[in-house]
1. Can you run down the residue pairs with Cβ atoms below 8 Å, 6 or more apart or on separate chains, where the first is in segment 71-94 and under 20 Å from GLU61 (Cβ atoms) and open to solvent by 60 Å² or more (accessible area, probe 1.4 Å) and the partner is part of a helix (DSSP H, G or I) and among the hydrophobic types (A, V, I, L, M, F, W, C)?
2. I'm checking my understanding of the structure. Among residues of segment 42-70 that are over 26 Å from GLY32 (Cβ atoms) and of a type in the set (S, T, N, Q), which one is least open to solvent (accessible area, probe 1.4 Å)?
3. So MET125 clears everything in (1) open to solvent by less than 70 Å² (accessible area, probe 1.4 Å); (2) at pLDDT 85 or above except one condition, right? Which one?
4. Residues being of a type in the set (D, E, K, R) and more than 26 Å from VAL90 (Cβ to Cβ): count how many of those fall in segment 24-80.
5. Can you tell which of ILE29, ILE57 is among the aliphatic types (A, V, I, L, M) and either modelled with pLDDT of 80 or more or within 18 Å of PHE83 (Cα to Cα) (or both)?
6. For the structure I just gave you, tell me whether GLU3 is open to solvent by 100 Å² or more (accessible area, probe 1.4 Å) and at pLDDT 80 or above.
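The values are calculated or read from the model by the stated rules, or taken from the named source; none is laboratory data. Just so it is clear, the model here is predicted, and its values are computed rather than measured. Because the Cβ atoms are built from the backbone with ideal geometry, glycine has one as well, and the counts that use them run over all protein chains shown. Side chains included, ligands, DNA and RNA excluded: accessible areas come from the protein's heavy atoms. Shrake-Rupley method; radii C 1.70, N 1.55, O 1.52, S 1.80 Å.
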Amino acid sequence: MKEKSKGFFGEFKAFIARGNVMDMAVGVIIGGAFSAITTSLINDIIMPLLGIFTGSISFAEMAVEVNGALIGYGNFIQAILNFLVMAFVVFCMVKAMNSFHRKKEEAPAEPAPEPEPSNEEKLLMEIRDLLKVKNEK
């Protein structure tokens, strides 16, 4: 009968300890916190400013009643704005990171030292120099 080498919990521990899983977990946590900041920006700053132009304090109050059903399209508009702000910020972050990586790659490398000419090349250069001197006379 074969024994399981790690068991279920051992495999789970190995899975969790892998680097990319931990990176993803950190990304999700930071993304959640960033989402709260973006939601606050939309709800507390942008929406009241837009409400001035629409005559409403908040888009969340915008709704229409159809056959007794209340359709809150203001919340939908708010969610779209939230998405657009989040997408714009992520775009700016990715663009900045790509720019940083390009600058790193474009850093000029030191030129490689030229190799020492071979004996044959040295001999040919001497012959060339002698022919120049002879032709000048």
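1. Short answer, once both residue conditions are applied: ASN75/PHE59; ASN75/ALA60.
2. We begin by selecting, within segment 42-70, every residue over 26 Å from GLY32 (Cβ atoms); these are 51-57, 61-70.
Now drop any that are not of a type in the set (S, T, N, Q), which leaves 54, 56, 67.
Values: THR54: 69, SER56: 24, ASN67: 161 Å².
Out of the qualifying residues, it is SER56.
3. For MET125, the exception is condition (1).
4. 2
5. Working: ILE57 fails: either modelled with pLDDT of 80 or more or within 18 Å of PHE83 (Cα to Cα) (or both).
Just one listed residue meets the conditions, ILE29.
6. Values: open to solvent by 100 Å² or more (accessible area, probe 1.4 Å): yes; at pLDDT 80 or above: no.
For GLU3, the condition - open to solvent by 100 Å² or more (accessible area, probe 1.4 Å) and at pLDDT 80 or above - is not met.
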